[in-house]
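Accompanying notes for the structure given below.
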Amino acid sequence: MLAAPPGFGYARSAVTSRPRIYLASPLGFSQAGRHFYDGVLLPFLRGLGYDVLDPWALTEPARIAAVQALPYGTERREAWRLLNQEIGATNRAAIDRADGVVAVLDGVDVDSGTAAEVGYAFARAKLVVGYRGDFRLSADNEGSTVNLQVEYFIRKSGGTIVERYEDLAPALAALRGGLA
């Protein structure tokens, strides 16, 4: 069992007996990424008994489509600015409700939004576990797996970085009181 660092409590929400995981990921931006996200990663985490807070599902798709349908120009930019603020606030609130975060770290560099969510989750005393199935080099130097600051926050939260999504179960054991 991973011991929580001082000040990091992984107590489950009193509202549900299932721990909540916020899934930070850039995979929703591409068709292939979405296929893995929806078809493998989400069902896997739910199958482990977690309630998954999916930021890609927290905003009504019709609202995004309405902004995308606007013609290029001032009205569209302003609509995006307003919706971006709403999406950001919604995701922040979801991280606050979560017991822990799983962050997908694939890519030649960690996605900036995912990195921000990792940092915020760390600051809110959440367990953060990284998943990096991408074999390309992505670290600042040979002493790290990904960006050194992102990795620092993950490891100091009591989390780790796994290379296979199947290894998320034991990495998240602290949220279940040590039971994988």
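The values are calculated or read from the model by the stated rules, or taken from the named source; none is laboratory data. Computed from a prediction, not measured in an experiment: that's the story for all the values here. Every residue, glycine among them, receives a Cβ derived from its backbone with ideal geometry; neighbour counts consider all protein chains shown. Ligands, DNA and RNA are excluded from the accessible area calculation, which covers all protein heavy atoms including side chains. Shrake-Rupley method; radii C 1.70, N 1.55, O 1.52, S 1.80 Å.
Would you be able to say whether some residue in the range 37-49 is closer than 18 Å to Gly113 by Cβ, modelled with pLDDT under 95 and not β-branched (Val, Ile, Thr)?
no
For residues that are in contact (Cβ under 8 Å) with a residue 12 or more places away in the chain, part of a loop (DSSP other than H, G, I, E, B) and over 30 Å from Arg155 (Cβ atoms), tally how many sit in the range 54-81.
Of the residues in the range 54-81, 1 are in contact (Cβ under 8 Å) with a residue 12 or more places away in the chain, part of a loop (DSSP other than H, G, I, E, B) and over 30 Å from Arg155 (Cβ atoms).
A quick yes/no check of all residues on (1) within 19 Å of Ile161 (Cα to Cα); (2) touching a Gly at 6+ places or on another chain (Cβ under 9 Å); (3) not basic (Lys, Arg):
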site	(1), (2), (3)
Gly73	no, no, yes
Leu83	no, no, yes
Arg92	no, no, no
Val102	yes, yes, yes
Val108	yes, no, yes
Asp111	yes, no, yes
Ala123	yes, no, yes
Lys126	yes, yes, no
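Collect the residues in the range 17-32 that are modelled with pLDDT under 95 and either open to solvent by less than 30 Å² (accessible area, probe 1.4 Å) or part of a strand (DSSP E or B) (or both), keeping them in residue-number order.
Listed by number, the list holds a single entry, Gly28.
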